[in-house]
Amino acid sequence: MLEEYLPFVGLLVFGNIENLILASQGEVKKANVLALSIMSIIIVIAWFILGTVLTEEAIRYSNIIDFIGGLAIFILGIQSIYEALKNKKANKE
């Protein structure tokens, strides 16, 4: 059973990093923590359901899904660093 999910282990690890990046962005933007938490839980549950139902189909495209997920995480990381540096410069002035 677990063998089915092995192609997605990288995406699982990097998905957790993405959650940390998004949390950082939320903190920088002074977002409502409760609203972000509720939305995050809803999205995680939705992805869990989709992943459970569509794993058979997604296995064929696991390399593409991993690449797109990794690229999205990389872009979010760059965006997060850019926003943090911009805010740091604004606070110094």
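Dipole of the chain computed with +1 at Lys/Arg Cβ and -1 at Asp/Glu Cβ about the Cα centre; of Gly51, Leu6, Asn16, farthest Cα towards the positive end is Asn16. Across region 19-36, rounded Karplus estimates of 3J(HN,Hα) from the backbone phi angles (6.51 cos²θ - 1.76 cosθ + 1.60, θ = phi - 60°) give 4, 5, 5, 5, 5, 4, 5, x, 5, 5, 7, 6, 6, 5, 5, 5, 4, 4 Hz, Gly and Pro being marked x.
Computed 3J(HN,Hα) for region 75-90, one whole-Hz value per residue from the Karplus formula 6.51 cos²θ - 1.76 cosθ + 1.60 where θ = phi - 60°, is 5, 4, x, 4, 4, 5, 5, 4, 5, 5, 5, 4, 5, 5, 5, 5, glycine and proline marked x. Accessible area of the chain with a 1.4 Å probe: how many percent of it is carbon plus sulfur? The value for the chain is 73 percent carbon and sulfur by accessible area.
Compactness check for the chain: Cα Rg over 2.2 N^0.38 Å is 1.30. Quick check: from the Cα gyration tensor, does region 16-69 come out rounded (a/c under 1.5), prolate or oblate? Cα axes put region 16-69 in the oblate bin.
The values are calculated or read from the model by the stated rules, or taken from the named source; none is laboratory data. This one's a predicted model, so the numbers in the text were calculated from it and none came from an experiment. So basically every Cβ, Gly included, is an ideal-geometry build from the backbone, and we count neighbours across all protein chains shown. Only protein heavy atoms, including side chains, enter the accessible area calculation; ligands, DNA and RNA are left aside. Shrake-Rupley method; radii C 1.70, N 1.55, O 1.52, S 1.80 Å.
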